[in-house]
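Working notes for the structure below.
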Amino acid sequence: MDEVIEGSVRFIAACYGSHERTNMSAARYDIWTSKMANTKLTTALQLKILPPTTEAFGEHVHRAHFQVAIWCSALQQDPSNLNTRHFAWSLESATSCCPRMCYS
C-alpha cells in the first residue's frame, strides 16, 4: 500500500505544480510559499486551493484503493472478503461503516 501512496503523492503533487514530491504536507508548504511570494496577491490565500495534508491524503488513497478493489472483483463469482478497517474505514455497528477521520 505504501507504493500506491508514494505514486499517488508524486502524481498529485505534480498536478498542483509542486517541486516537492516526497509527501503531501511538504508539497502543500511548497505551494503555499510560492503563492505567498506572489507580489501581485491582493487577497488572502484560500486554503481550498492547497492539496490535502499527508494524513488526509493517505486516508483518501486507502478508501479509493478499497473502492477499486471492489470494482475489480465485481464480476468474480467468489470475490475475496476485504476487511474495511484496513482501508481507512471504521465499523460503526454490525451493518454500518464510516470513513475514519484524521485530526492533526
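Some notes on this structure:
- The condition (being of a type outside the set (Asp, Glu) and at pLDDT below 85) is satisfied by just one residue among SER80, SER34, SER8, SER18: SER80.
- Check on THR54, modelled with pLDDT of 90 or more and surrounded by 11 or more Cβ atoms within 10 Å (Cβ to Cβ): yes
- The one condition from (1) closer than 24 Å to LEU82 by Cβ; (2) surrounded by fewer than 16 Cβ atoms within 10 Å (Cβ to Cβ); (3) among the polar types (S, T, N, Q) that THR43 does not meet is (1).
- Index of the failed condition, SER73 passing every other in (1) within 20 Å of the chain's Cα centre (by Cα); (2) under 22 Å from ASP2 (Cα atoms): (1)
- Conditions (1) surrounded by 15 or more Cβ atoms within 10 Å (Cβ to Cβ); (2) over 30 Å from ASN81 (Cα atoms); number of the one not met by HIS65: (2)
- Subset tally (residues that are of a type in the set (S, T, N, Q) and either within 14 Å of the chain's Cα centre (by Cα) or assigned to a helix (DSSP H, G or I) (or both)) for segment 20-67: 8
The values are calculated or read from the model by the stated rules, or taken from the named source; none is laboratory data. What you see is a predicted model, and the numbers here were worked out from it, not measured in a lab. Cβ atoms come from the backbone with ideal geometry, glycine included; neighbour counts cover every protein chain shown.
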